[in-house]
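The values are calculated or read from the model by the stated rules, or taken from the named source; none is laboratory data. These figures come from a predicted structure and were not determined experimentally. Because the Cβ atoms are built from the backbone with ideal geometry, glycine has one as well, and the counts that use them run over all protein chains shown. Only protein heavy atoms, including side chains, enter the accessible area calculation; ligands, DNA and RNA are left aside. Shrake-Rupley method; radii C 1.70, N 1.55, O 1.52, S 1.80 Å.
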Amino acid sequence: MELKLRLSFCAGLSEAGGRSFLLQALLGCGLILLFWLLQAAIIHFLFDGGSFYQKLLHPDLHQVAEFSLVVFLVCCLLLSSRRSHRLQDQLESALKNALEKSEDDRAKLRGIVEAMGDAISIQAPDMTIVYQNRAHVEMMGRHVGEPCYQAYRQEKEICPGCHLAAAFEDGKVHRAKVSPDPLDGGRYVEITGSVLNGVDGRPALGIEVVRDVTAQRLAEREAAQLNLALTRQACELQQVNRELEAFCLAVAHDLRAPLTRIYSSAQELQGYSALLDENGRFFVSLVNDGCVQMESMIEALMTLCHVTEMEMVSTTVDLAQLAQELAAQLQLDTPGREVALKLPERVLVHGDRELLRIALGNLLSNAWKYTSNVTEPVIELGTLCNEQRELVVFVKDNGAGFDNLRAEELFQPFRRLHSAREFPGTGLGLATVRRIIRRHNGRVWGEGRPGEGATFYFTVNG
């Protein structure tokens, strides 16, 4: 409305300016005519007394010269007036454009402030509220024209420690956090107070931004409680793991003595095989094999506990070199087997060399074992890059394979998808691999099909 009044005022000035020039031109013509008449009358009555009409219609050269000077002066005045009117029109047009732009900017600024989610109010230096945006009205109610301390706090004077009053004093930004009364279930708000200086450099207006941080505070409180619960559970889990590892080590240690006696007795009984019938020799052999398997399981169990307790020393490890060394050892342990081993030149990862040696050794020994019934066994170590641009290492074979739907069971202790008669083992190798890879902040998984081989993937993140 204010802009419309200003624009109509400018238009009125422009129209009035046009009419004023026309009137001035008519007035100039009237003055010239009046001067002509007065000049003829003055000469007639004061000087020669000749005929008035003769002086009016037949002037002499002196009259013409004076009349021409007056016409020239009047024309100059009219031209000067015309120029001043043009300048006035230009100034009025510039003022109109400036007012339109100012109002447009003001409307945009008000639209931005109104659209903001934060509640914004503007106070005068005496703390009188001069503006509230929509969010502030919804939060606090409409209080334009009232003192803020009276509208919001029902106080009779400025609140002690008022952030906006402090901002008026030093010109800095002041922040305050307001917690609700626990009994009324209110909201947590964060208030920011700053000032807007006038042309004289002094604070002219105070801007107060009120942000509702209830959801954030509740989320922080919930996150803190969850972190506390997780920390407590992690401590309890570490304690349980330590107790479990101590129990496994104690069991493994305590089992060795009776197992050694049983194994020694079975070895001695084999010396009396001539005195035993076929069933007796079978049972002695069965006891001997069971002792060997039990010893392997104890070793695997101790290894599983050992990889959990080992202190990691991270360094750059070449898995291709480790695989070559491990394959050479497997070849020595099973002479006569011909296995095609495909290795890249280098597979560099960052981790603990000893732990990665144990993990890779378990994967290669599994591949070596499960390709024992294949005519042309092939084991491959390779790498690829996943969608997260991580380096993924894999060990692939063309052996017995497994049902892919039961792949997760392979990594559980003592869970096996093949019978011990087909492929002997302890059932702890892949569980050990998973524990080592997890200590390296990585993942391990397997894929396979019965009779078509298996592939085990893992990532190492130091």
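Tally the residues that are surrounded by 15 or more Cβ atoms within 10 Å (Cβ to Cβ) and in contact with a helix residue (DSSP H, G or I) (Cβ under 7 Å, 6 or more places away or on another chain), restricting the search to the range 314-325.
Total satisfying the criteria: 4.
Which of (1) assigned to a helix (DSSP H, G or I); (2) at positive phi is the odd one out, the single condition residue 145 does not satisfy?
Among (1) assigned to a helix (DSSP H, G or I); (2) at positive phi, the lone unmet condition for residue 145 is (1).
Is it true that residue 68 is at pLDDT 70 or above, more than 60 Å from the chain's Cα centre (by Cα) and open to solvent by 60 Å² or more (accessible area, probe 1.4 Å)?
yes
I'd like to check something: does the range 94-105 contain any residue that is within 30 Å of residue 169 (Cβ to Cβ) and either crowded, with 17+ Cβ neighbours inside 10 Å or of a type in the set (Lys, Arg) (or both)?
Taking every residue of the range 94-105 in turn, none turns out to be within 30 Å of residue 169 (Cβ to Cβ) and either crowded, with 17+ Cβ neighbours inside 10 Å or of a type in the set (Lys, Arg) (or both).
Of the conditions (1) among the hydrophobic types (A, V, I, L, M, F, W, C); (2) assigned to a loop (DSSP other than H, G, I, E, B); (3) at pLDDT below 70, residue 312 fails just one. Which one is it?
(3)
Select from the range 193-226 the residues that are more than 27 Å from the chain's Cα centre (by Cα), on the phi < 0 side of the Ramachandran plot and open to solvent by 40 Å² or more (accessible area, probe 1.4 Å) and list them in ascending order.
196, 197, 199, 200, 202, 203, 204, 205, 207
When the residues of the range 54-65 are narrowed to those that are assigned to a helix (DSSP H, G or I) and open to solvent by less than 70 Å² (accessible area, probe 1.4 Å), which ends up modelled with the lowest pLDDT?
Going through the qualifying residues, I end up with 55.
Test of understanding: among 367, 340, 328, which residue is at negative phi and open to solvent by less than 40 Å² (accessible area, probe 1.4 Å)?
The match here is 367.
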